[in-house]
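Participant: Quick one: this structure, given as structure tokens, is what I'll be asking you about.
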Amino acid sequence: MELWFTERQTQDMAITCKVIKTHHVEKSEFQEISLLETKQFGRMLVLDHAIQTTIEDEFIYHEMITHVPLFTHPDPKKVAVIGGGDGGAIREALKHPGIEKAYLVEIDGRVVEVSREYLPEISCALDDERAEVLIEDGIKFIKEHKDEFDVIMVDSTDPVGPAVGLFTGDFYRNIFEALKEDGLFVAQTESPFYNKLLISQVFSEISSVFPITKLYLYSVPTYPSGLWSFTMGSKKYDPLKVPRDRIQKLDTRYYNDQIHYACFSLPEFVKKIIGQE
Ligand code: SAM
């Protein structure tokens, strides 16, 4: 018998993958966590029926959420990932030799445990001595820290449930306070095809808080529409003014010095969403 998993990406659109094995399904305090073995993408982490990451394409998202901001800052030492319980963003951040401390602030401890068990390729750096895993609400964590981080990466689920507050003006104002005077942050901001209103609102909120706000794009085959965005808010450093020789060659499969600048070149329809036609 063939088994297929379908994620309804919108009311009218779905992605379907052939499943070889269901490794794990549970209802945690916050969400349903599933770990599937798919034919096309290998092991796949699914939260509340939404694909989060897969062995085959995870490198794209995790490299782009980390290396773009970490090379934009000239000397990042202390960083935080909000969400990101699979550990992929921490793995990439710790490729930067200057990082002294990287917090992972994940609300759902079960996501971390399931990822440690079934996704060791992604979660492998969580035991690095520079990493510290905190199981708590990222909104509360950010509120309680002032003037502390060089870079913050918001690696969240879609804006539902506990992640709703990660897409608000209040949260971005608290992020501003949690960053040092030259700090910067990025947040995953969904699909320019399916989430135009959200992108436009988030961009406008972040622009009202940070002097430099930029949206950048990349493609992830398993995400709705394939085209996905991050938005960066920065107090001082402009990602497009990074000297090319700062971008050291790391062990990456997507990010490189050309992508660093090119990902900020936006199609006309995306410029329109953020009011920059
Ligand atoms: N790295 C993944 C990817 O490749 O797309 C995506 C996301 S990661 C699994 C998203 C995490 O954000 C989830 O594990 C979820 O529990 C967490 N999360 C949601 N709301 C949160 C909050 N308020 N504070 C901390 N973590 C939160």
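The values are calculated or read from the model by the stated rules, or taken from the named source; none is laboratory data. As the structure is a prediction and not an experimental result, all values here were calculated from the model. A quick note on method: Cβ atoms are made from the backbone with ideal geometry, for glycine too, and the neighbour counts reach across all protein chains shown. Heads up: the accessible areas ignore ligands, DNA and RNA and are worked out on the full protein's heavy atoms, side chains in. Shrake-Rupley method; radii C 1.70, N 1.55, O 1.52, S 1.80 Å.
Participant: Within segment 110-150, how many residues are under 14 Å from ALA80 (Cβ atoms) and over 18 Å from the mean Cα position of the chain (by Cα)?
Facilitator: Count: 8.
Participant: Taking ILE99, is it within 8 Å of the ligand (Cβ to nearest atom) and more than 20 Å from GLU177 (Cβ to Cβ)? So that I can check it myself, show each step before the final result.
Facilitator: Numbers: within 8 Å of the ligand (Cβ to nearest atom): no; more than 20 Å from GLU177 (Cβ to Cβ): yes.
No; evaluated as a whole, the condition is false for this residue.
Participant: Here's a follow-up. Based on what the data block shows, is LEU35 surrounded by fewer than 22 Cβ atoms within 10 Å (Cβ to Cβ), modelled with pLDDT of 95 or more and more than 18 Å from TRP228 (Cβ to Cβ)?
Facilitator: Numbers: surrounded by fewer than 22 Cβ atoms within 10 Å (Cβ to Cβ): yes; modelled with pLDDT of 95 or more: yes; more than 18 Å from TRP228 (Cβ to Cβ): yes.
Yes.
Participant: For segment 67-102, enumerate the residues that are open to solvent by 10 Å² or more (accessible area, probe 1.4 Å) and either outside the structural domain of ASP150 (by TED's automatic domain parsing) or among the charged types (D, E, K, R) (or both).
Facilitator: ASP75, LYS77, LYS78, ASP86, ARG91, LYS95, GLU100, LYS101, listed by residue number.
Participant: Evaluate segment 239-251: report whether one residue or more is open to solvent by less than 70 Å² (accessible area, probe 1.4 Å) and in contact with a His (Cβ under 6 Å, 6 or more places away or on another chain). Give the derivation first.
Facilitator: Taking segment 239-251 and keeping what is open to solvent by less than 70 Å² (accessible area, probe 1.4 Å), we get 239, 242-243, 246-247, 250.
This time we only want the ones that are in contact with a His (Cβ under 6 Å, 6 or more places away or on another chain), so: 247.
Scanning segment 239-251 turns up at least one residue that is open to solvent by less than 70 Å² (accessible area, probe 1.4 Å) and in contact with a His (Cβ under 6 Å, 6 or more places away or on another chain).
Participant: Also, I was wondering about something else. Please go through segment 212-238 and pick out each residue that is open to solvent by less than 10 Å² (accessible area, probe 1.4 Å) and over 15 Å from VAL154 (Cβ atoms).
Facilitator: Answer for segment 212-238, where residues must be open to solvent by less than 10 Å² (accessible area, probe 1.4 Å) and over 15 Å from VAL154 (Cβ atoms): TYR218, VAL220, THR222.
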